[in-house]
1. For the chain, what does -39500 (n - 2.57) per DSSP helix run (n ≥ 4), summed and divided by total residues, give at 222 nm, in deg cm²/dmol to the nearest 500?
2. In nm, what is the difference between 0.36 nm times the number of residues separating Glu116 and Thr444 and their Cα-Cα distance?
3. Relative contact order (percent) for the chain, with alpha-carbon contacts under 8 angstrom and 6 or more residues of separation?
4. By how many degrees, between 0 and 90 and to the nearest 10, does the Cα long axis of helix 458-472 differ from the longest principal axis of the chain?
5. Across the chain, how many lysine pairs, 8 or more positions apart or on different chains, have C-alpha atoms separated by under 20 Å? Please give the number.
6. At 1.4 Å probe size, with the rest of the protein present, what percent of the exposed accessible area of segment 341-484 is carbon and sulfur atoms?
7. Just add up the charged neighbours of Lys432: K/R +1, D/E -1, any other residue whose Cβ is under 15 Å from the Cβ of Lys432.
8. Of Gly489, Ala93, Phe296, which is farthest along the charge dipole of the chain in the positive direction, counting Lys and Arg as +1 and Asp and Glu as -1 at C-beta?
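The values are calculated or read from the model by the stated rules, or taken from the named source; none is laboratory data. What you see is a predicted model, and the numbers here were worked out from it, not measured in a lab. Glycine also receives a Cβ, built like all others from the backbone with ideal geometry; neighbour counts cover every protein chain displayed. With ligands, DNA and RNA removed, areas are computed over all heavy atoms of the protein, side chains included. Shrake-Rupley method; radii C 1.70, N 1.55, O 1.52, S 1.80 Å.
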Amino acid sequence: MTVRTRFAPSPTGYLHIGGVRTALFNWLFARRHGGSFILRIDDTDRQRNVSEALQPILDGFRWLGLDWDEGPEVGGPHAPYFQSQRQARHAAAVERLLAGGHAYRDYATTAEIQAEREAAQRDKRRFIYSRRWMAATPAEQQAFEAEGRRAVVRLKMPREGVCAFNDQVRGPVEFDWVLEQDHVVQRADGTCLYHLASAVDDHDFGITHVIRAVEHLSNTPRQVFIARALGYDVPAYAHLPYVAEPGSAEKLSKRKVGRYLQHPDFRKLHEHGAGILAALGAAPPEAECNPLLVEFYRAVGYRPEALLNYLLLLGWSLDDRTEMFTVAEMIERFSLDRVNRSAASFDAPKLLAFEERYMQRLPAADKVAAVVPFLQRRGLLPAAPSEEDLRRVARVVAAAGERIKVAGDIVGYAEFFQPDDGFPYDEKAFRKRIAADGAAARLTRFRAALETVEPYDAEALDGAMHRFVEAEDVPIGRIIHAVRVAVTGKAVGFGLFDGLEILGRDACLARIDRALEALRRSEALEA
């Protein structure tokens, strides 16, 4: 048997972290067994579909490296891969169910069904539809239609026995058939619903393993019923634990991001990314601002392999000590029998820790390549940067070191790519460090010292600073902070002497002159 798995997102929103975890497990299982991973778009819910959401879903998969063997933009022998384009096939399956006595046309109104439901509640008994408005013969069908009624098609579910199957994660599972309602599989307008379409498409695409989130477990009996009624082979099912909220056992929901922001770890993750997006300028689309969506991590510069490694461990483990996996190792070691049954909580600090590890391990040239697009998006580098531009980027990246946790952090060092008169001052730092008594005079004297430093590198600059504070007989903090604010506009940053070397002598002198002039203008206005 050739393993064939599928992931079937609905284009009703952007790519969710929980959904990507499910897609990853499908992809790994297929790759582990030399099979195929199919991407199918379940777009039967026309009212909720968002046309602009499909492309980000596809782009997100490509960014993560989760390539699909069949599906949109790839094609394949089972095309089309959009459920909305397979309606004729679904409708034919409905006719087969009707002909086999496994489904029926139902002419009940919503009010009539609700009345039966309320009567069951009053009598304190389980609601089981009476099938009173079922058309069992063409004559009954004509009679109902003569009243102006329109029919839906319902499954004619068994009223006794059990649906039993072996779940690849949860083990033996049983559902009493009597607990299953007669689910609608075709609307009055002829369009088919998810359960019918999914069962038919899984068969037509040759899906051998349906690996999905545990909230779909309750859907399985009706899909098994449909498959058996149509004479299909029933795929193996594996229901994954859901991803839980930060610090809670409740299921993670992209609609509750505001609530999650009250959790300090989640808020810190969000604020870090939001700061990068703000520094990039134009207001980003909503999908880039939500840490529950894959687009957020791509937008702020996470390594895709770090996100995959983190998602792998949301419900799966190899042992109690191994955490870091290359993609090849993930494929080699993945198995469904090591998937946990309990929910895995979204752990923001752990996700960022994975990102930091991957960024630290990245070769210098790859790290430069990762940050360049963010500098370009910010307008700090041209579309075709020169060799000199790239050398400066490399020097800033090296000096920043572990401070660059995600590629987008590079925009926090914009002052190294802006003109000498083109960066702003931190006003509080400016007042404290440059407008303080005696600070301007010391800065002027240190400027003179910079003119003679040879060679103009970090080591020589460090020596010059220490000779200066010794001659001035002042604590080093009295001058070093003033220099930093003057040349970068900020109170903090990576090593000052590395920064002075990267900027070069002429730029440092010009920036000190600018700071002193800004102080003089400020004092003149106050006078």
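1. Calculated mean residue ellipticity at 222 nm is -14000 deg cm²/dmol.
2. This chain segment gains 109.2 nm when fully extended.
3. On the way: 760 pairs, mean separation 63.9, N = 527.
That works out to 12 percent.
4. The angle comes out at about 50 degrees.
5. Qualifying lysine pairs in the chain: 11.
6. Ligands and nucleic acids excluded, carbon and sulfur reach 49 percent.
7. +4
8. Towards the positive end, the residue furthest out is Ala93.
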